[in-house]
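Below is one structure, written out as structure tokens; the observations come after it.
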Amino acid sequence: MEISSKYSPQEVEGKWYEHWMEKNYFHSTPDEREPYTIVIPPPNVTGVLHMGHMMNNTIQDILIRRARMQGKNACWVPGTDHASIATEAKVVNKLAQQGIKKTDIGREEFLKHAWDWTHEHGGIILKQLRRLGCSCDWERTSFTMDDIRSKSVIRAFVDLYNKGLIYRGVRMVNWDPKALTALSDEEVIFKDEHSKLFYLKYYLVESGECKVESEEGSIIHQDEKGYYAVVATTRPETIMGDTAMCINPNDPKNQWLRGKKVVVPLVNRVIPVIEDDYVDIEFGTGCLKVTPAHDVNDYMLGQKHNLESINIFNDNATISEAAGMYVGMSREDCRKQIVIDLKEAGLLEKIEDYNNKVGYSERTNVPIEPKLSMQWFLKMEHLADIALKPVLNGDIKFYPSKYVNLYRHWLENIKDWCISRQLWWGHQIPAWYFEWKTENGERKVDVIVALNKEEAEKIAIEKHGLSVFRSPFSVLRQDDDALDTWFSSWLWPLSLFNGILDPDNAEFKYYYPTNDLITAPDIIFFWVARMIMAGEEYQDEVPFKNVYFTGIVRDKLGRKMSKSLGNSPDPIELIDKFGADGVRMGMMLSAPAGNDILFDEALCEQGRNFCNKIWNALRLVKGWNVDENAAQPEAAKMAVKWFDARFNQVLAETNDNIDKYRLSDALMGIYKLTWDDFCSWYLEMVKAPQGQGIDRVTYDATIKFFENLMLLLHPFMPFITEEIWHAIADRKEGDDIIIAQQPKLQAIDEQILKQFEFTQEVINNVRKVRSDKNIAFRDAIQLVVKGTANKDFDCVIAKLCNVSEVSYVAEAPAGAFGFIVGSTEFFVPLTGSVDVEAEIKKLEEELRYAQGFLKSVEAKLANERFVNGAPAAVVEKERKKKADAEAKIAVIEQQLASLRK
RNA sequence: GGGAGCUUAGCUCAGUUGGUUCAGAGCAUCGCCCUUACAAGGCGGGGGUCGUUGGUUCGAGUCCAACAGUUCCCACCA
């Protein structure tokens, strides 16, 4: 049957994936084998595959497939994340398009919509992973909001609350005015902003006691309206919330303001001047306006100095009633208007350009508003403590290791984790508020944390008595808030095997701790660190042993891929175009651990080309006819010996590279072994002459080598390797490469590798002579060797260079092109056309180089301090170099002499 | 403001304890080839004073210092 000269992945990939699924090869159950476990970083349930996923999951699949081929019980657990804030935002948007507001339909109805949305869009990404070839144990597919995972989250919350690690309190939190929820510190992204610094006039209150005294260094402002202080601010729209002005007590230029009262511009509220070291004397005028409700530092000052706190913003960051003016305006509009009004009122001294950092919501990309609110927090001190140890002592290894520092720094400076979100999509906080009326009519509230409502009721009854509980004035209602998404993700390695609810179950005991975690460095704090905390807290054991941080996928200009830039290719389209194997290879070739990868379609093209190369090697071998009577030619015999050694050499390197998570190096090694060593050298050496059959020994060896190459390559390129596996030999049912075992490392014949390297150099030289002199390959030539040499590979030289005869002589032949390999002289006799002058010139060049080299070596050896100081082996090496160089020079000189005759 | 990393061929990167197995790889490029597996290919070639400047050393891409450029992380200077 004719095989196409182009490999077509479209015809191959789907077929094999189905076959693997049918055979249930991806599924794992505990047995006596060593487990190898990976849990997927769960993508957003309603998301679609992007390049980051492609890379990340390719790596996971490589590791999982390799483990499977090493006889381990490989288990890769897939799943998705409910992505609380992101998904809720999408559902809210969708409802808005239908004119529905979430608050109008209520929690239950909203959740119905959210589940519909989840079911409709959910799991697309997992299907896409199948196209990529991912060998996940799909039977284990989980969701952070499925039954077990949800119950695990609730159990963990209750448990941590009972341990005293979770508390509820009023704190300054990061408020997202678009999503209308609190966020954790990690969800705030600071961006540089070109903004303005506004200098506002705060006039002093005139009164009898208020006397301005000039002291040394004072800078007093005064105009026709009186004395005034100048405050520099980037946020003039918050003046309605000012309840003090603060100076540094050690600031000479503002001494005159001590104990005074000033008037907030436009607002006309009188506020005191307070003093605190916190104020930076050098910044602006050294006067700080204090808005305790809207700035973290001001809040701290407010607490310290007992200031009133005026919340001038509504939850959506419009101006509130409490502000008394500009009510209902957006903060942006308000700023514009207030600047105009200040100017008109003569209260704006000047405006300067200013660069500062503004916190934005990671999800909704709107500026964060610091807001005082009641939230739930997880205490981090203890958890940080237990999570630091395993990373510092090497129980968990980071690749690359530079992330250890980052990790440590974060844990050592950690703050409590705000875990409540004012969202509905997610795990509702298992806290109930029991409200009742005391005998004297006072209303009271008790917070009850319990696994479910029934439990909560039981506790309420226990604590407050049945009659109080049943009283018509009593209410038990659950906290409205949901938990941060990461509060479920951090349990992932535990909860996937039901280790929170049932820590003694056999599966959990078998699969946990998992082996490798492959993730992006930008979630090292969000996720990695917290999983380690949870693992240590619940199992007193690490959740995984190695963490491989991938780089961020960028476009070839180094820009982050994003929807708005439109520079992110659709991974599925790439697979359609280049095949999954091609794309996988493209991703892996330039993705050393931790380095950003600059993605370029050309890399996938290289992957596709490689597939094609392999495909054509198959075509060649398939075209061979075995001649059972044929004896094995010498060249083929040597080729088999050599390739066997070479294969084992690369096998050792590959194993080493993968053990060190240097996957791109490993793949490159296999690529070169296949393309250069196998295709360009080996196959050319063993090819039978036109029209002849190949002998049995060589054929079998070749098939074996081909198989071994495919085994080595399979984790990286699963589809084409399975296809080739089945094409090169008759396979019994179930003899599939995916479950075959990796080749075992055999002894490497170093001697033959050295000999062959020498041979390659000879062949390259002959080819160069051919190329230089324009001698077509079909025209046979002769090769003359001066003196003696190892003749083992002469047959190979003859075959690959179309040399009719390799002969050995004592004297250099006249009229021949010469070259030197090592210190052996070779000649290609060519009738009539030798340009003696050119040959002399070439040799002189070589001589110059060799002499220069010799000189440097001699200088080194003449240096007593080197001979005495350097290790003996190094000195010995130099002596050898000297001897070699001298031999080479002698040879060149001799040749020159004979040419000049 | 603090901290970490990076800077080697046109591009993307290796270079693990300092010593021609150290100046490499892949891609790109150039020349010649439709040689019956492969033009998504074959064969051959060119290309870097290892960011700069000092220092340590017999010897530095490799160690140290400073500087420049660049990336990232953290941080309550309005």
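Counting only alpha carbon atoms, the long axis of helix A:571-589 and the longest principal axis of chain A meet at about 70°. Taking Cα atoms only, the orientation of helix A:663-672 departs from the longest principal axis of chain A by about 20 degrees.
Of A:SER401, A:SER28, the order by accessible heavy-atom surface (1.4 Å probe, DNA, RNA and ligands excluded), from most exposed downward, is A:SER401, A:SER28.
Taking all Cα-Cα distances within the range A:97-150, those exceeding 16 Å account for 60%. For chain A, the fraction of C-alpha pairs farther apart than 52 angstrom is 41 percent. The candidates A:LYS641, A:LYS178, arranged from most to least accessible area with a 1.4 Å probe in the full protein assembly, appear as A:LYS178, A:LYS641.
Computed per residue of chain A from DSSP H runs no shorter than four, each worth -39500 (n - 2.57), the mean residue ellipticity at 222 nm is -13500 deg cm²/dmol. Ligands, DNA and RNA excluded, the heavy atoms of A:ARG363 present near 120 Å² of accessible surface to a 1.4 Å solvent probe.
Counting DSSP beta bridges with both partners in the range A:742-828, what percentage is antiparallel, nearest 5? DSSP beta bridges in the range A:742-828 are roughly 55 percent antiparallel. Accessible surface area normalised per residue over chain A is 46 Å², counting heavy atoms of protein chains with a 1.4 Å rolling probe. Average the reciprocal distances over every distinct pair of alpha-carbons in the range A:781-901, invert the result, and give the Kirkwood radius in Å. Taking every pair of different Cα atoms in the range A:781-901, averaging 1/r and inverting gives 16.2 Å. Over all other residues within a Cβ to Cβ distance under 13 Å of A:ILE728, the charged ones net out to -2, with Lys and Arg as +1 and Asp and Glu as -1. Average projection, convex hull of the Cα set of the range A:366-477: 11.8 square nanometres.
Under the classification rounded if a/c is under 1.5, otherwise prolate if a/b is larger than b/c and oblate if not, where does the range A:752-830 fall, given a ≥ b ≥ c as square roots of the Cα gyration tensor eigenvalues? The shape class here is oblate.
Volume of the convex hull of the range A:29-160 (Cα atoms only), normalised per residue: 135 Å³.
The alpha-carbon positions of the range A:262-386 define a convex hull whose volume is 181 Å³ per residue.
Overall, the accessible surface of the range A:422-553 at a probe of 1.4 angstrom is composed of carbon and sulfur to the extent of 48 percent. Based on the convex hull around the alpha carbon atoms, the range A:837-901 presents an average projected area of 4.2 nm². How much of the accessible area of the range A:144-258, probe 1.4 Å, is carbon plus sulfur, in whole percent? That share works out to 49 percent. Its Cα gyration tensor gives the range A:556-634 an equivalent ellipsoid. The semi-axes, each the square root of 5 times an eigenvalue, are 40, 14, 7 Å from largest down. Surface listing: A:HIS119, A:HIS464, A:HIS294 arranged by accessible area from highest to lowest gives A:HIS119, A:HIS464, A:HIS294, probe 1.4 Å. Note on A:TRP675: accessible area approximately 70 square angstrom, rounded to 10, probe 1.4 Å, nucleic acids and ligands left out.
Within chain A, antiparallel bridges make up roughly 70 percent of the DSSP beta bridges whose residues both belong there. Under 12 Å Cα to Cα from A:LYS773, which aspartates and glutamates show up? Leave out anything in the same chain fewer than 8 places away. Qualifying aspartates and glutamates at Cα under 12 Å: A:ASP835.
Helix A:530-539 and the longest principal axis of the C-alpha atoms of chain A enclose an angle of approximately 90°.
The values are calculated or read from the model by the stated rules, or taken from the named source; none is laboratory data. Everything numeric in this text was worked out from a predicted model, so none of it was measured. So basically every Cβ, Gly included, is an ideal-geometry build from the backbone, and we count neighbours across all protein chains shown. To get the accessible areas, we keep the full protein, side chains included, count just its heavy atoms, and leave off ligands, DNA and RNA. Shrake-Rupley method; radii C 1.70, N 1.55, O 1.52, S 1.80 Å.
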